[in-house]
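In what follows, a structure is listed as structure tokens, so that the remarks can point back to it.
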Amino acid sequence: MHFSILPIAITLLSDIQSASGLGYETRFRGVDWDDDIWRLTTSVLDQGHYQSRLSLSNGYIGINVAAAGPFFEVDTPVAGDNINGWPLFDRRQSFATIAGFYDYQERTNGSNYPWLYQYGGESVISGVPHWGGLVVESNGAVLNASVDPSHITGFQSSLDLGAGHLIWSYTWKLGGGDAIDVEYSMFVHKLYVNQAAVQLKLTASRDVNVTIYDILEGDSAVRTDFVDKKYESNSATIWSAVRPNNISDVTAYVYSTLQGNDCIDLSSRAEVTEGQFDGNQSSIAQSISVSLLAGQTAQVAKFVGAASSDAFEDPQSVAHDASTKGASAGYSELLRSHIDEWAKILPRDSVDNYLFPNGSIPSDHNIQELQITSVTNPFHILQNTVGPNAIAAAGNNSKLGINSIPVCGLGSECYAGLIFWDAEVWMAPGLQVSHPYATQQIVQYRVEKFPQAQENVKMAYSSSQNETGKFSGGGAVYPWTSGRFGNCTGTGPCFDYEYHINGDIGISMYNQYVVTGDSHYWKNELLPIYNAIAYFYSEVLTFNETSGFFVLTNATDPDEYANNVDNVGFTTALIQRHLNESNLLNSWFDIPENDTWTNRSSLMRLPVNEEAGLILEYDTMNGSISVKQADVVLVDDLLHYDNPYSLSDLDYYAAKQSLNGPGMTYGVFSIVANEISPSGCSSYTYDLYGSQPYARAPWFQFSEQLLDNYEANGGTHPAFPFLTGMGGANRVAIFGYLGLRLFADRVDVDPSLPPQIPYINYRTFYWQGHGINATANITHTTLSRLPAENFTLPNANSTYSNQPIPVTLGTRPGNFTLTFDSPLIIPNRNIGNIDTVAGNILQCAPKISTTMDYLPGQFPLAAIDGAASTKWQPAFANETAYLTVDLGYNFVPISSILFDWATSPPEHYEVLFSNTTLPPFTSEDANLTLNVTASNQIEISQPYDPERAFVVEAYKGNQTNVTLESVVWSGRYAHLGIRGNQENPVANASGATVAEWSVVRERGEGGGGELRRGWEQL
């Protein structure tokens, strides 16, 4: 298996400087980024693979299109696999749908608790006919998703993220002969949500006849019943209608109307009954014949209208009008209004910006990729939202704003299109602060399902919580998964599973209030739900007569590898927080305190192992656990919880993290590391870990897994595009580096910028409806109030329209204010400049490289970031892998070398200094390098002991400490070479692990003294 060297290795020999212009190559082969216009461009045609397909959406209609053009495509199996994951396990292919278009079915292929189906079935997302295709045929050759790649030259596809506009261009050689220049482009209209458009331009090198097929492909309309379809005789229009399985009162209509330039003769139009699409009953197509003249460009566009009766009383008329009016307006006019709306939704100030104030960008490739994902992550999520302008443009149709965001958005059927905690905890927070009205639909979805959540409490009889009279009428409980109805199901139980979903919803609602300041919406719509969750939480607890405390029993925390256990750590802390905050929030609105909530909160205790200094995941947890995803560490990330075990929790659970878990975990680790670590820069390592191994070429869409091959990742068919992971990564800068915590009575920040990031201009964020800007260099962060006329939300808290905003700085003493008149300048904590190992000259050095590929996420930086919880691991153990750190020209005397090998020490190590030479070394380099220390007999300080495998104890890695016999002066370069793996001494094993490598200067030597040429002058 091959693992690519990530770009962290490329920065070794270059100082931070401006990149050439603002366009640069990414680490993906053939993929470029233009930061001036936010455009990704790929020159690689990768057909039949879901990672190369792009999903486009406007929050109401969504579609997934092929790498070769706007076509329907079925995946080519990889390692025999082209299957979607749980719970559908159906064929992986392109998908198109409409928001809220859920079916009803008795069960799904996968489930959490199948026996619950006796109480009711599932509601999963249904598809609609795939409407993107404009297929071309000529002389027996067909241009579609599976076009022969040997007939394509000059391939290029680009995505304009500031405009939501996708373009393909290439030359198609018909059967390898005559050539036609092809350009496809498409968009899903962001303002007029019933509209989309696809345009095709053909320019032939010779006169040639072609046929163009406008296709509505019914194979995409999964889990639907066919209703009707028609080829219209009086206009260039076709349409198809389907309804979700077993939902008789909902129908979706998809219309397509053709328009062409003077080269197009629409009178040649004909109905197509077979040949260019599969035999699904809802498929329909029309064709036109075109005589291409050499050098002339024929231009044809299809204008799509789509609507369902979930949001529109007469969806057929709405879809028809959207299609025909789009054709009347034309592609250019529609595109212009679409671009204008995207410019309002995603302006430059709404995303994090890593450019220097002079507009240049650091040459560090990791920073350059952060600059890309600071745009791509919010774009991929925001395109699945319907904004207030779009709702207004649809006649103030509030039904457009009541659908949450599925795990993979509207262009995928991953996780059956169901709504999980992913929306509230992972996608929403990073966008709530910058785009609060775009993400309000996540909150509003739960408002819509609140009556059902109240009804769900009655399902207690089907669970272990079936004690008669235990639950009153005041509570509400949401299911783990939710579709059309929000009822308890086999995939989404309400009891005996992940009760934290309810508190997660509460946090999201509270955050919405904090950022908007909309007290009316909070008091009348959200606070009653918040209180109903508190009622439920107080009643679902069980009093333990032996301990004298209330506990949650038979529950599952976010770590889904540990199911149906008692006294789960994160959810217990969450319930305590929710009960206490419910009373506090009620007091602000003159609602009396609930004494029961206060009492039960005070009689709850987290599961703790005092000897190890850890919060446990659950009471009976032992040391053999493998953790699926962030769990206990969320206590410090989300809950503002007083936790004396924060640092040991992070170190312990990071070491227990499964490599087969989903990618959003490491964003949590980054945020918490930046908040609680006393030294080092592991927050930056985790930031990269939560993004780079999961991003896929060419569109920087995330996969759920490090490895997409299900045979290599533990048997998971990855969700894609995994918006949960993108949302997790999008949280890091604002909640991690700025240290923003959301409180309704103050702005709280505690900034600390890793030394690798020289400057950042954070996304505009809102507090109580008022816009704030934050910028940071390595030493200070500046907060500024933005002009009220442009950065005040419609329902903002008017108290702060002319009053200072109160500001606190985490646990630092003092209270501050932010006014329009003057910015607030805050010293950064600069933990990256505090040595974890006193005198270590390597810690957080910005220029580091390696000679060997490394396992995904196991970055070379991890070996010098000052934290034992991260590690570097080369891909292979059977040859020496070198890690090189560029220390510059400030040489110091070195007295010792320290190693933390984590769990897998090498069989051999060597440390060398040099001033000019770089590995791999040859015999000719002997006089140019200094061998500082080496060993072929590395003692294991923490050998595996099966008798202690189940003991919970604080994390401690295998360590080797070398005190040099005499002082050695450092060189410009420090090199660590490792070979072998003692934990796994087999052929083709992965390399050893290095959690931390420290080169320690002689005590009393602070460096910065006489400049020497290093060890060569001793």
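Values in this text are rule-based calculations from the coordinates and carry no lab data. This one's a predicted model, so the numbers in the text were calculated from it and none came from an experiment. No Cβ is skipped: glycine too gets one built from the backbone with ideal geometry, and neighbour counts run over all protein chains shown.
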By how many nm would the segment from residue 790 to residue 520 grow when fully extended, if each residue of separation counts as 0.36 nm and the alpha-carbon distance is taken off? 95.0 nm
So, over other residues within a Cβ distance under 11 Å of residue 771, counting Lys, Arg +1 and Asp, Glu -1, the net charge is 0
Once you put a point 7 Å from the Cα of residue 466 and another 7 Å from the Cα of residue 608, both along the Cβ direction, what distance in nm separates them? 3.7 nm
Estimated FRET transfer efficiency (residue 545, residue 119; beta-carbon r; R0 45 Å; 0.05): 0.90
Free-by-geometry Cys in the chain, Cβ-Cβ under 4.7 Å as pairing rule, reported as 263
Just to confirm the filter: which trypsin sites (Lys or Arg not before Pro) across the range 169-247 are DSSP coil and have at most 15 other Cβ within 10 angstrom of their Cβ? 206
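Write out the GluC sites (Glu not before Pro) in the range 534-582 meeting two conditions: DSSP loop, and at most 13 other Cβ atoms within 10 Å of their Cβ.
Those satisfying the criteria are 545.
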Kindly give Rg over Rh for the range 12-121, based on alpha-carbon atoms, with the Kirkwood expression for the hydrodynamic radius. 1.14
Rounded if a/c is under 1.5, else prolate if a/b is larger than b/c, else oblate: which is the chain, with a ≥ b ≥ c the root eigenvalues of its Cα gyration tensor? oblate
Report, as a whole number in µm² per second, the diffusion coefficient that Stokes-Einstein gives for the range 178-300 at 37 °C and 0.692 mPa s using the Kirkwood radius over alpha carbon pairs. 206 µm²/s
Could you please report the charge total around residue 353, scoring K, R as +1 and D, E as -1 over all other residues with beta-carbon less than 10 angstrom from its beta-carbon? -1
Cα gyration tensor shape for the range 360-484, rounded if a/c is under 1.5, else prolate or oblate: prolate
What does the extension gain come out to for residue 815 and residue 838, with contour length at 0.36 nm per residue minus their alpha carbon separation? 5.0 nm
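Taking a 20 Å limit on the Cα-Cα distance, which of the listed pairs 190/229; 399/449; 201/302; 399/458 fall beyond it?
190/229; 399/458
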Assign one of three labels to the range 291-413, namely rounded, prolate or oblate, based on the Cα gyration tensor with a ≥ b ≥ c the square roots of its eigenvalues; rounded applies when a/c is under 1.5, prolate when it is not and a/b is larger than b/c, and oblate otherwise. oblate
Taking the Cα-to-Cβ direction at residue 779 and at residue 36 and moving 7 Å from each Cα, how far apart do the two end points lie in nm? 3.4 nm
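Taking only the C-alpha atoms, wrap a convex hull around the range 37-344 and report its volume per residue in Å³ as a whole number.
Spread over its residues, the Cα hull of the range 37-344 gives 143 Å³ apiece.
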Estimated FRET transfer efficiency (residue 76, residue 332; beta-carbon r; R0 22 Å; 0.05): 0.05
Where in the range 119-142 does the label zone of residue 246 land, with the point 7 angstrom along Cα→C-beta and an amide N cut-off under 15 Å? 119-126
Can you figure out the FRET efficiency of residue 965 with residue 271, using R₀ = 60 Å and their beta-carbon distance, to the nearest 0.05? 0.10
What nm distance separates the two modelled labels at residue 392 and residue 1002, each placed 7 Å from Cα along Cα→Cβ? 7.2 nm
Among the lysines, which fall within straight-line cross-link reach of residue 956, defined as a Cα-Cα distance under 20 Å, with same-chain neighbours fewer than 8 residues apart omitted? 656, 871
Please compute the Kirkwood hydrodynamic radius of the range 759-833 from all pairs of different C-alpha atoms, in Å with one decimal. 13.3 Å
Using alpha-carbon pairs under 8 Å, 6+ residues apart, how would you state the relative contact order of the range 37-344 in percent? 18 percent
Relative contact order %, the range 759-833, counting alpha carbon pairs below 8 Å whose residues are six or more apart: 29 percent
If you find the alpha carbon centre of the range 547-620 and of the range 239-309, how far apart are they in angstrom? 56 Å
Using only C-alpha positions, report the orientation-averaged shadow area of the convex hull of the range 583-680, nm², one decimal. 8.5 nm²
Computed over the chain, the relative contact order (Cα-Cα under 8 Å, seq sep at least six) in percent reads 10 percent
Is it possible to state the helix-based mean residue ellipticity at 222 nm for the chain, with each DSSP H run of 4+ residues giving -39500 (n - 2.57), the sum divided by total residues, to the nearest 500 deg cm²/dmol? What is it? -5500 deg cm²/dmol
Within 12 Å, Cβ to Cβ, of residue 35, how many net charges do the neighbouring residues add up to if Lys/Arg are +1 and Asp/Glu are -1? -2
